Amino acid sequence: MPNSVDLNGRPFHFIGIGGIGMSALAYVLAKRKLPVSGSDIRSSHITQRLEAVGAHVFRGQEATNFEFFQNNVYSASNALEDTAARYNGSHSTSTATKAANLPQVICSTAINTGNSEYQAAVDLGCPIFHRSDLLAALIQDYQSIAVAGTHGKTTTSSLIGYILLAAGLDPTIVVGGEVNAWEGNARLGQGRYLVAEADESDGSLVKLSATIGVVTNIELDHPDHYQNLEEVITTFQTFESRCQVLVGCIDCPTVRDRLQPKLTYSLHPETGADYTVDEVEYRATGTTARVWERGEVLGYLNLKLLGQHNLSNALAAVVVGRQLGLDFATIASGAAKFEGARRRFELRGEANGISFIDDYAHHPSEVRATLSSARLQILADSPQFPPVSLPLANGNGATSKSNRRVVAIFQPHRYSRTLAFLSEFAQCFQDADIVVLADIYSAGEPDLGKISGQQLADLVANHHARVFYRPSLPAIKHLLAEILQPGDLAIFLGAGNLNQVIPEAIAFYQSPEPSGSKK
């Protein structure tokens, strides 16, 4: 088995090719005209996009998928043997040639050693790599910007990629979310830059060596992998040591105290960060701020993105752009057009005066930030309120003079995360008027009986006046048909399958007289 990924023409086979991280890498390879195949348990728009650029996708993760490669390997070997026979008068089997045609198999942490397709790859002697090994190899192929952090990675990396694209630098982009500007989660550019989202969830962040590294924040988010925050910090410190330049947000105390970024950014001028903002205004349609670079005014950012956390993400993109030599006008122009990644406060539709928002938030900090943005949008959209200069947390859903409501529909993600952050989850819904909780989405974890959705709902009810628990998606759809009313922001939160409810909920309220809805 080779000890490094070969990007010079050897085939690649992805077990679980439809995953958001795996598919982005597969797409870039396929667009580079490398032989790409993979398997997934179901077809999706993501696998269809891969097939459209030449990838061969098997339905199901089966050992028999490798029969395709065995047949093709032997065909290639026989052709070479026939050539050798013509010239040498001999006919010998080349084991090395057969082995060289076996695919490099790419797996994510989600694929365990008991997977039958994985076992077939081992038995055949295929070189097997983790997804992060391939990302590390691609990062080495470019002048790379790797965006890490517990929260904000997808938005920040997507915005950086969008700015470089708008600036005419034609970057290659690999992110963990889908962006309309490049119709997916990846694009292959012809420029020298690669923008990549760098994931710390399984510790593989330590493999990446980028020209510019970005750390947005550091928290414990994956208790299934890390025992404590200190282990997470060690991972980020290793990442820092492998980057030529580190950009860090010092509004996060852990980044400020435990890392030593060369370039710093902050939303608070008093921190003394290299890049900061003032004259901040939050509106229902976006955010405006004046940007400073080491004591000098650069100009104004006008963003379509909502909320304090997204202003911070945009400031990180400014730092990277300036480090790459872009003038601020170019950066600001690109940032102003960026509409965000899918499932990041994504408006999925409106019906009967109700806005349906899809958001990936699954950590208490993310839920709090998303609901704060929703509350801010309602307040800023109210005729009684001018644009506000600071985020306003009204607590327990108090809407002051606005009769619009924030309805949070949340699906907890993983038993381990729900149990580890039980207290934080119980108190992170204060900017919602109504909270609807689903049962826990396991994401493949076994239910050890230590925590349930009902238990979480009971704890949330200790801090919130209106909490509903509905374990199944059909039960949630039925409840929403009863409680939603015109003016509501219905925000679907979580990294599982909760957003499957949204199309049916929109369709229900698009009917002329939605039965059961309260007027």
Reviewing (1) 42, 29, 21; (2) 34, 32, 21; (3) 38, 27, 20, the figure for semi-axes √(5λ) of the Cα gyration tensor in Å actually calculated from this model sits under (1)
Of the convex hull drawn through the C-alpha atoms of region 227-319, the volume per residue in Å³ is 104 Å³
Considering every Cα-Cα pair within region 413-519, what fraction, in whole percent, is farther apart than 17 Å? 56 percent
What is the chain's relative contact order, in percent, from Cα pairs under 8 angstrom and six or more apart in sequence? 10 percent
Of the convex hull enclosing the alpha-carbon atoms of region 1-55, the direction-averaged projected area in nm² is 3.8 nm²
Carbon + sulfur, % of accessible area of the chain - ligands and nucleic acids excluded, 1.4 Å: 48 percent
If you filter region 264-372 for trypsin sites (Lys or Arg not before Pro), then keep DSSP loop positions with at most 13 other Cβ within 10 Å, what is left? ARG294
Please work out the average accessible area per residue across region 105-148, using the 1.4 Å probe convention, and give it in Å². 36 Å²
Can you give the calculated 222 nm mean residue ellipticity of the chain, where each DSSP H run of n ≥ 4 adds -39,500 (n - 2.57) and the sum is split over every residue, rounded to the nearest 500 deg cm²/dmol? -11000 deg cm²/dmol
Using all Cα-Cα distances in region 402-470, what percent lands in each 10 angstrom bin from 0 up to the longest? 21, 54, 20, 4, 1
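The values are calculated or read from the model by the stated rules, or taken from the named source; none is laboratory data. Predicted model, so just to flag it, every value in this text is computed and none were measured. Virtual Cβ from ideal backbone geometry, glycine too; neighbours counted across all protein chains shown. To get the accessible areas, we keep the full protein, side chains included, count just its heavy atoms, and leave off ligands, DNA and RNA. Shrake-Rupley method; radii C 1.70, N 1.55, O 1.52, S 1.80 Å.
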